[in-house]
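Read the structure below first, then the notes.
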Amino acid sequence: MAEEQNLQNKIIRYLRGEGWLVVKTIVLSLAGFPDIFAFRNKVAIFIEVKSPKGKLTKLQQYRINQLRG
């Protein structure tokens, strides 16, 4: 968990430095959403952070597919 948290923090710092509005999800009313949302110039990106041993759950994969649509 600490490894993913450190990686999330690095990603957030980088994106903010590049001018993105970044939101780190902590608790949402809808499970399975990515860890980080970022917005800039009418573009939205969604990032699910996993350690090398981490694996997407079926719900996370479902949400990613929803967001791609």
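The values are calculated or read from the model by the stated rules, or taken from the named source; none is laboratory data. If you're wondering where the values come from, they're calculated on a predicted model, not measured in any experiment. Virtual Cβ from ideal backbone geometry, glycine too; neighbours counted across all protein chains shown. All accessible areas refer to the heavy atoms of the entire protein, side chains included, with ligands and DNA or RNA removed. Shrake-Rupley method; radii C 1.70, N 1.55, O 1.52, S 1.80 Å.
List every residue whose amide H lies under 5 Å from the amide H of Thr25, counting only residues 5 or more places away in sequence or on a different chain, with H placed 1.01 Å from N in the peptide plane.
Here the answer is Ile36, Phe37, since their amide H atoms fall under 5 Å of that of Thr25.
May I ask you to derive the relative contact order of the stretch 19-69, considering only C-alpha pairs under 8 Å and at least 6 residues apart, and to give it as an integer percent?
31 percent.
Taking Lys42 as the anchor, which aspartates and glutamates have their alpha carbon closer than 19 Å to its alpha carbon, excluding any fewer than eight residues away along the same chain?
By straight Cα distance, Lys42 reaches Glu18.
Show Lys42, Lys24 ordered by accessible area, largest first, where the area counts protein heavy atoms only and the probe is 1.4 Å.
So, going from the largest accessible area down, we get Lys42, Lys24.
Hey, what do the phi angles of the stretch 38-54 turn into as Karplus ³J(HN,Hα) couplings, whole Hz, using 6.51/-1.76/1.60 and θ = phi - 60°, x for Gly and Pro?
For the stretch 38-54, the Karplus curve yields 9, 9, 6, 6, 6, 10, 10, 10, 10, 10, 9, 9, 10, 6, x, 8, x Hz.
Would you mind getting the accessible area per residue of the chain, heavy atoms of the protein chains only, 1.4 Å probe, in Å²?
76 Å²
Can you pull out the GluC sites (Glu not before Pro) in the chain that DSSP calls coil and that have at most 11 other Cβ atoms within 10 Å?
For GluC sites (Glu not before Pro) across the chain that sit outside H, G, I, E and B with at most 11 neighbouring Cβ atoms in 10 Å, the list reads Glu18.
Would you mind listing how long the chain runs along its three principal axes, going by Cα atoms, in whole Å with the largest first?
32, 30, 21
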